[in-house]
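The values are calculated or read from the model by the stated rules, or taken from the named source; none is laboratory data. These figures come from a predicted structure and were not determined experimentally. Glycine gets a Cβ as well: all are built from the backbone with ideal geometry, and neighbour counts include every protein chain shown.
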Ligand SMILES: Nc1nc2c([nH]c(=O)n2[C@H]2C[C@H](O)[C@@H](COP(=O)(O)OP(=O)(O)OP(=O)(O)O)O2)c(=O)[nH]1
């Protein structure tokens, strides 16, 4: 895909527990960057709102209903396979217990220790630590 192509919008959700733990998932076989860790989410469909896409993806992948989401930050990244515009939301309220409906591995993480992470997601981890634990002294 050409780097000039219009970016693809992707809705991404960071589920955050009261203790600050966040949920990561591992990309399945058959997708670009299979085995890499990411925050759950996926491409926004034509005519779909970003938060609606996020709710749909969480229903499909994890079987939960995301009840609220605060837009947090946007990141654009050009991969060899696609030019993506990622819309990250932080969600603290959902209904149901996450289950792996599409065979992916998921992990709740405090300080994120799973590796490797998708390149565009790497900077988020430090920003997230600043959000959860404050600026380093
Ligand atoms: N979900 C998610 N996607 C991310 C993150 N970081 C990052 O660069 N991406 C990129 C990888 C992909 O190019 C794109 C998401 O597309 P995808 O292929 O996983 O989406 P999808 O589930 O809708 O895929 P499909 O229906 O086409 O199979 O966003 C992240 O933290 N979470």
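Go through (1) at pLDDT 95 or above; (2) surrounded by fewer than 19 Cβ atoms within 10 Å (Cβ to Cβ) and name the single condition residue 1 misses.
For residue 1, the failing item is (1).
Take the residues of the stretch 114-137 that are more than 16 Å from the ligand (Cβ to nearest atom) and surrounded by fewer than 13 Cβ atoms within 10 Å (Cβ to Cβ): which is nearest to residue 18 (Cα to Cα)?
The selected residue is 133.
How many of the residues making up the stretch 105-129 are touching a helix residue (DSSP H, G or I) at 6+ places or on another chain (Cβ under 8 Å) and at pLDDT 95 or above?
Summing the residues that are touching a helix residue (DSSP H, G or I) at 6+ places or on another chain (Cβ under 8 Å) and at pLDDT 95 or above in the stretch 105-129 gives 2.
Please state which one of 32, 116, 71 is within 13 Å of the chain's Cα centre (by Cα) and touching a residue at least 12 places away in the same chain (Cβ under 8 Å).
71
What number of residues within the stretch 9-54 satisfy the criterion of being closer than 13 Å to residue 98 by Cβ, more than 9 Å from the ligand (Cβ to nearest atom) and not in a strand (DSSP E or B)?
2
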